[in-house]
Amino acid sequence: MSVRHALLGLLAQKPRYGYELCAGFTALVGGKENWDVKPPQIYTTLARMVDSGLVTFNNANGQQSKGEYAITPSGHDELMNWFRMSNIEEPHQDPFYLKLMLSLELDEVDASRLIVIQRAALYQELHRITEQRQTLDPQNQLAQMLLMDKSAMHLEADLRWLDMIESRLDEVQRQPAPKPALRPRGRPPSQSA
Amino acid sequence: MATIEVKNLSKVYGSGETKVTALDSVNLIIEQGQFVAVMGPSGCGKSTLLHLIGGLDRPTGGSVFIEGSDISKMSDTTLTELRRRKMGFVFQFFNLIPVLDAIENTALPLILDGIKPEIARSKASEWLSRNKLDGRGNHRPDELSGGQQQRVAISRAMVSDPVIILADEPTGNLDSRSSDEIAVTLRKIVTDWKRTVLMVTHDPRIAAYADRIIFLKDGKIVDDTLLNGSNGENAKRLKEKVESL
């Protein structure tokens, strides 16, 4: 979703060529390492926006990369609506939580070891981000540094949660496992006389 | 020869029913030039480990070897001298002497070692300068911010040219920004000044500056992770860990 709106944002500044939009998106997100959207995906998104009337396309020779895109009033409205929305991420869909819950049901997997391994991995990632942040120039790359800070803070939060669940794992294990709610199927059993 | 080697190290307080095992037969090797963080929940034994390695306390079992010498067998006098020459300490509450200014605080270890005051002061100024405290030399601790005080403490720790820096929650009393500055300084001590740093911390962001994290729980090491992912040794260890599942 955000890719489409980022492109509208870039076009709201001025009309642009296809290849400019690809490069512009990459620059906006702070590089391919952060968010890698390949040109075909960008061009597909642009084509859909042309179909929806959010954007016009003026092609000299049919190639999307060399044609010029421009925003329409409709596209501008769409962009402004997006700015007015708030963005809440989905923290409840957590693969690690799934793994942990399953490990409590399976004898062959040790939940405590899972936590130890996850913690080590989180620290390695935090170390990588810390090192990367050190290479940035606060005079010219402050925005990217702040993005690294955001990643670091999320990792710190993950580590805190890990400590929390580790200290209460025994309690969790003692409680009954979540049972799926199955509706009874077929006819109700007949009442024998 | 490892810079720090710990063998079957134990520390037990009290006896009988009130016995508390702070450290339980810990084994550890730290090579020269490593930046190692020690982490774990309250009461896991991390500060005890640091104090035993620094010779600030005696073990009840096992040994500590500093550059091959068994410090657990040394007399108080020899140990005090070794500590003054080979180790620098950085504490959570800075532990600066309130009536001395920054230069005097920093020069103190050298003065105690019998170095001439002019030379001691000159070395102290150099270290204060490296830690961006130019012009603060004549300020007393109460005239300095927390971050600045800790940088004086680090200068003091480095002035005697130690082999090892031991830091016990060095950022525990600092705000976020000062904490980062201190972590960067400790990192430089390893990367630029080629010393070994052992740091107890509960702050993940600060631990992330280290090369290696040792996790303690109930007096034992439960995990030992290298933070640099490009290291082949680390990949091997990770594989072993996953297989241990």
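Structure values in brief
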{"item": "Condition check for residue A:91: outside any helix (DSSP H, G or I) and closer than 22 Å to residue B:204 by Cα", "result": "yes"}
{"item": "Unmet requirement for residue B:161, which otherwise passes all of (1) surrounded by fewer than 24 Cβ atoms within 10 Å (Cβ to Cβ); (2) within 14 Å of chain A (Cβ to nearest Cβ); (3) assigned to a loop (DSSP other than H, G, I, E, B)", "result": "(2)"}
{"item": "Odd one out for residue B:84 among (1) in contact (Cβ under 8 Å) with a residue 60 or more places away in the chain; (2) part of a strand (DSSP E or B)", "result": "(2)"}
{"item": "Count of the range A:61-87 residues which are of a type outside the set (Phe, Trp, Tyr) and touching a strand residue (DSSP E or B) at 6+ places or on another chain (Cβ under 8 Å)", "result": "10"}
{"item": "Checklist (1) exposed (fewer than 15 other Cβ atoms within 10 Å of the Cβ); (2) touching a helix residue (DSSP H, G or I) at 6+ places or on another chain (Cβ under 9 Å) applied to residue B:70, failing item", "result": "(2)"}
{"item": "Residue under evaluation residue B:205, criteria (1) more than 15 Å from the chain's Cα centre (by Cα); (2) within 14 Å of another protein chain (Cβ to nearest Cβ); (3) surrounded by fewer than 17 Cβ atoms within 10 Å (Cβ to Cβ); (4) touching a residue at least 12 places away in the same chain (Cβ under 8 Å), criterion not met", "result": "(3)"}
{"item": "Of the criteria (1) crowded, with 17+ Cβ neighbours inside 10 Å; (2) farther than 13 Å from residue B:158 by Cβ; (3) of a type outside the set (D, E, K, R), which one residue B:139 fails", "result": "(1)"}
{"item": "Tally of residues being free of Cβ contacts under 8 Å to residues at least 24 places away in the same chain and within 11 Å of another protein chain (Cβ to nearest Cβ) across the range A:79-122", "result": "12"}
{"item": "Which listed residue, of A:136, A:147, A:46, is within 14 Å of chain B (Cβ to nearest Cβ) and modelled with pLDDT under 95", "result": "A:136"}
{"item": "Residue A:131 being within 14 Å of another protein chain (Cβ to nearest Cβ), closer than 27 Å to residue B:202 by Cβ and of a type outside the set (Val, Ile, Thr)", "result": "yes"}
{"item": "Condition met for residue A:134 (surrounded by fewer than 18 Cβ atoms within 10 Å (Cβ to Cβ) and of a type outside the set (A, V, I, L, M))", "result": "yes"}
{"item": "Test result for residue B:8, over 18 Å from the mean Cα position of the chain (by Cα) and in a strand (DSSP E or B)", "result": "yes"}
{"item": "Unmet requirement for residue B:114, which otherwise passes all of (1) at pLDDT below 95; (2) closer than 18 Å to residue B:150 by Cα; (3) not in a helix (DSSP H, G or I)", "result": "(2)"}
{"item": "Residues that are within 20 Å of residue B:213 (Cα to Cα), surrounded by 12 or more Cβ atoms within 10 Å (Cβ to Cβ) and either more than 8 Å from every other protein chain (Cβ to nearest Cβ) or free of Cβ contacts under 8 Å to residues at least 24 places away in the same chain (or both), drawn from the range A:154-169", "result": "A:154, A:157, A:158, A:161, A:162, A:163, A:166"}
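Rundown of residues vs (1) of a type in the set (S, T, N, Q); (2) in contact with a Cys (Cβ under 7 Å, 6 or more places away or on another chain); (3) touching a residue at least 24 places away in the same chain (Cβ under 8 Å), yes/no style:
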residue	(1), (2), (3)
B:119	no, no, no
B:140	no, no, yes
B:149	yes, no, yes
B:154	no, no, yes
B:160	yes, no, yes
B:163	no, no, yes
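The values are calculated or read from the model by the stated rules, or taken from the named source; none is laboratory data. Note that the structure is a prediction, hence the values are computed from the model and not measured. All Cβ positions, even for glycine, are placed from backbone atoms using ideal geometry, and neighbour counts span all protein chains on display.
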